[in-house]
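Inspection log for the structure reproduced underneath, given as structure tokens.
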């Protein structure tokens with residue numbers, strides 16, 4: 001592993017250093033600012049010491065955040081630790097973004113109650129290709145403030161002996177202290193050996209890029225502490241671990257997750273800013289305080305009275321803030337106008353996906369297959385269920401009878417929930 005480590009350090013030295021500017025706030029002020037989004041800082045005394053040393057020497061800290069490209073979208077859940085990373089950048093430190101092109105082949109078991117499916121290399125590479133551009137909406141991307149690495153740089157070259165040596169750094173009992181592993185073990189749910197290796201691989205990333213601080217969601221605490229311990233075994237002082245609360249997703253129950261499909265993407269294709277605005281407006285009122293706290297810099301004394309007095313207006317303001325932050329003022333204004341037109345006044349949007357059904361032939365067709373063709377439903381069963389729930393409209397008319405058929409002899413607008421499509425004959 002020494003050879004891989006040397007190559008990693010050489011790559012680090014080629015990147016021009018950032019400088020911790022004189023305009024950075026005092027260390028006490030930095031720690032106070034971090035407290036807004038930090039669920040835990042382990043240990044805070046070490047972070048204070050690192051920040052004080054950095055201020056004294058002018059040497060920036062290396063702040064690590066790892067992201068496995070298991071899906072093409074960076075989500076607002078990712079944006080929470082990314083905002084903390086951006087704070088460090090604004091204070092003159094360098095972010096090191098690890099694209100986990102190799103660990104994604106293992107699959108992060110954090111928070112999982114079953115083994116995660118293993119993606120193909122092609123799917124991982126396709127997803128990874130989109131990440132830097134999306135992250136660039138939040139982070140500074142100049143070389144002085146951002147270093148992007150793929151952990152395949154060092155993990156792909158490890159021999160079996162290297163892997164065995166890495167595995168020897170922890171015991172099975174230590175790995176089973178993870179909450180999700182412990183729960184699965186107690187419930188007699190299988191844990192595959194490659195899943196136990198994941199925290200060690202992520203920890204080795206910290207050694208390879210000489211991380212001073214590692215960011216992650218609350219469910220990453222165990223993995224990040226493994227990195228701290230391996231660094232100390234290698235003779236380093238060990239990274240400080242900062243974990244942030246987990247943002248709850250669109251369902252109002254589970255953490256925002258690509259695998260659960262309850263997420264809002266930073267770019268949110270294909271709907272873009274309009275889709276983001278609408279999804280934020282669909283969030284339960286109970287999530288508003290956490291979204292304001294974790295995703296904005298609005299003072300609590302400003303937004304909490306508005307949440308109590310008029311939750312819908314406060315939600316619209318949140319949607320404006322987030323779309324403006326990620327897409328710009330013009331996009332925020334346009335998205336709000338589109339939302340008001342579509343959902344307040346009940347008008348269909350001018351632009352929507354268009355899908356040809358010419359190959360289905362003339363005559364009447366059942367709606368569930370058309371909803372699937374339009375990309376509004378994942379299956380005929382889901383389409384039928386949404387019809388029974390009263391969520392399906394054809395040219396503005398609600399249709400609940402799953403036996404009813406429609407003839408597509410002209411452009412026809414279908415709507416499921418808040419999504420539209422135009423069927424073309």
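With a requirement of 2 or more residues that are over 27 Å from residue 300 (Cα atoms) and either in contact with a strand residue (DSSP E or B) (Cβ under 7 Å, 6 or more places away or on another chain) or touching a residue at least 40 places away in the same chain (Cβ under 8 Å) (or both), the strands (runs of 3 or more DSSP E) lying completely within the range 17-101 that satisfy it span 62-67, 94-99. Screening residue 260 on (1) over 20 Å from residue 97 (Cα atoms); (2) modelled with pLDDT of 95 or more; (3) in a loop (DSSP other than H, G, I, E, B) shows it passes everything except condition (2). Can you find even one residue in the range 400-416 that is under 27 Å from the mean Cα position of the chain (by Cα), within 29 Å of residue 280 (Cβ to Cβ) and either surrounded by 15 or more Cβ atoms within 10 Å (Cβ to Cβ) or not assigned by TED's automatic domain parsing to the domain that holds residue 282 (or both)? The answer is yes, given that some residue of the range 400-416 is under 27 Å from the mean Cα position of the chain (by Cα), within 29 Å of residue 280 (Cβ to Cβ) and either surrounded by 15 or more Cβ atoms within 10 Å (Cβ to Cβ) or not assigned by TED's automatic domain parsing to the domain that holds residue 282 (or both). Taken over the range 184-212, the criterion of being in contact with a strand residue (DSSP E or B) (Cβ under 7 Å, 6 or more places away or on another chain) and over 12 Å from residue 226 (Cβ atoms) is satisfied by 209, 210, 211, 212. Among the residues of the range 246-278, those identified as in contact (Cβ under 8 Å) with a residue 24 or more places away in the chain and surrounded by fewer than 16 Cβ atoms within 10 Å (Cβ to Cβ) are 252, 259, 269, 270.
Looking only at the range 225-251, count every residue that is closer than 28 Å to residue 133 by Cα and at pLDDT below 95 and tell me the total.
Within the range 225-251, residues that are closer than 28 Å to residue 133 by Cα and at pLDDT below 95 number 3.
To keep it simple, each residue is scored yes or no on (1) in contact (Cβ under 8 Å) with a residue 12 or more places away in the chain; (2) surrounded by fewer than 17 Cβ atoms within 10 Å (Cβ to Cβ).
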residue: 284; (1), (2): yes, yes
residue: 319; (1), (2): yes, no
residue: 332; (1), (2): yes, no
residue: 359; (1), (2): no, yes
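The values are calculated or read from the model by the stated rules, or taken from the named source; none is laboratory data. Everything numeric here is computed off the predicted structure, so don't read it as measured data. Reconstructed Cβ throughout: ideal geometry from the backbone, glycine too, with neighbour counts over all protein chains shown.
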